Amino acid sequence: MRRRAKEWLGAGVVAVVVGGVMLFAPDTNPYAAELAEARRGASAFQLEVLADRRITDAEIAEARRRWRACLQDAGVDPDWAEGVSGLPVVDACYESTRAHLEELAWNMKVDPENRGLAVVIAECLQRQGFLPAGYDPTGLTMEEAVRGLLERVDMSDEDVRACFLPAAGPR
């Protein structure tokens, strides 16, 4: 009986140590800060989506389905409400479903290492020969970087536009 108690005690100590290490270990997810920010003020549904620190296409589809249902329940046509803001019911439905998720999911796909969207897009444009190898948007605000990129490339080119899509990320 004593041996069994010691085994259980030993297992408990190991669990506490491992749990403590995991609790105080630094978060290695490159989007840890953004995920923490997204959790502030998030709905129960959004917290559930963010719990595993990633956002899947299926979860985005579910967020959009819930957004449409919320609007329909409020008597608002979702097709009309797409892109509309400033109306309390539209804003409330958006905040409880899609907000905190869509932009973060897109950023995580395009820039999985969180190096900066402008850097990833510039690298894609460089790989395709649209930007000189020396172009470096590091340190620029996103607005400055995008303005700089748009001044240098032709957005009517399909290959250029492809660099602004999630598939543009690291290869």
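Every number in this text was worked out from the coordinates using simple rules, so none of it is lab data. Model, not experiment: these values are computed from the prediction. Heads up, the Cβs are rebuilt from the backbone with ideal geometry, glycines too, and the neighbour counts pull from every protein chain shown.
Under the Karplus relation 6.51 cos²θ - 1.76 cosθ + 1.60, θ = phi - 60°, what is the ordered set of whole-Hz ³J(HN,Hα) values for the range 83-96, x standing for Gly and Pro?
x, 8, 9, x, 9, x, 5, 5, 5, 5, 5, 5, 4, 8
Taking the Cα centre as origin and putting +1 on Lys and Arg beta-carbons and -1 on Asp and Glu beta-carbons, what dipole magnitude results for the range 113-161, to the nearest 20 debye?
Its charge dipole is roughly 80 debye.
Subtract the Cα-Cα distance of Arg115 and Thr56 from 0.36 nm times their separation in residues, and report this length gain in nm to one decimal.
Between Arg115 and Thr56, full extension yields an extra 19.2 nm.
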